[in-house]
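This report refers to the structure that appears directly beneath it.
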Amino acid sequence: MNHDSNHRESIFRAAGLIGYLVKRLNEDNPEKQIGKTIVQKMMYLLSRKNIARFDFSMYHYGPYSSELSGEMSFAERNGIIKIAWKDNEGYFIRSSETAEQFFALLDDEERQAVDDFVRQFGKFNATDLSLVATALYLKDNFGVEDGRLPEAVHNAKKKYSPEYIEKILKSGGILQN
């Protein structure tokens, strides 16, 4: 077995990926709250590129993985991330000082993919990221064409107008301007 496959198969690999994602999100957007929804949606985006390996189903807030939820708890128990709850504000997730040693489990391509997604989507709040992830889920799983995405997402999330959804999808580079 070569050195690389040991890394890939480590039980800490997914936790290391979560830790790295959270660290990069916090670094790029220090004023922003990183909660569980943001981690779920960013991991969904990473799973589309085969960087994260979780199964997602459609829930109220877009694609969700219970497996990822368990992995976040595992990462917290092992001191890779810290999850704090604040009443009326929600979850605040940070990577810990000890997380660094787990980043070695990721290869350059994986770290690069996280960096790219943080650049592309890190500015979005949880709601807008949910709209992006929902659009991509509908596209991937139901073959919804780009032109129909704003309307399709609106049908799933009535509270947001097709115009607003289209604006978010364009600013995330999902739809062309």
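The values are calculated or read from the model by the stated rules, or taken from the named source; none is laboratory data. Model, not experiment: these values are computed from the prediction. Here Cβ is always computed from backbone atoms with ideal geometry, including for glycine, and neighbour counts include all displayed protein chains.
Quick notes
- Meeting the requirement of 3 or more residues that are in the same structural domain as residue 57 (by TED's automatic domain parsing) and within 30 Å of residue 12 (Cβ to Cβ), the helices (runs of 4 or more DSSP H) wholly within region 105-177 are 108-121.
- Note on region 122-151: residues that are farther than 27 Å from residue 92 by Cβ and either in contact with an Asp or Glu (Cβ under 9 Å, 6 or more places away or on another chain) or surrounded by fewer than 20 Cβ atoms within 10 Å (Cβ to Cβ) (or both) total 13.
- Selected residue (criterion: surrounded by the fewest Cβ atoms within 10 Å (Cβ to Cβ)) from residues of region 84-114 that are of a type in the set (Phe, Trp, Tyr) and in contact (Cβ under 8 Å) with a residue 40 or more places away in the chain: 92
- Of the criteria (1) under 23 Å from residue 136 (Cβ atoms); (2) surrounded by 13 or more Cβ atoms within 10 Å (Cβ to Cβ), which one residue 81 fails: (1)
- In the set 88, 78, only one residue is assigned by TED's automatic domain parsing to the domain that holds residue 19, more than 13 Å from the chain's Cα centre (by Cα) and at negative phi; that residue is 78.
- For residue 160, the stated conditions hold: it is among the hydroxyl-bearing types (Ser, Thr, Tyr), over 16 Å from residue 46 (Cβ atoms) and at pLDDT 95 or above.
- Top-ranked residue in region 7-63 [being under 11 Å from the mean Cα position of the chain (by Cα) and among the charged types (D, E, K, R); ranked as farthest from residue 89 (Cα to Cα)]: 48
- Selection from region 17-42 of residues that are surrounded by fewer than 23 Cβ atoms within 10 Å (Cβ to Cβ) and either among the aromatic types (Phe, Trp, Tyr) or part of a helix (DSSP H, G or I) (or both): 23, 24, 26, 27, 28, 36, 37
- Subset tally (residues that are within 18 Å of residue 176 (Cα to Cα) and either touching a residue at least 60 places away in the same chain (Cβ under 8 Å) or not polar (S, T, N, Q) (or both)) for region 117-136: 12
- Residue in region 45-56 that is touching a helix residue (DSSP H, G or I) at 6+ places or on another chain (Cβ under 6 Å), part of a loop (DSSP other than H, G, I, E, B) and of a type in the set (Phe, Trp, Tyr) present: yes
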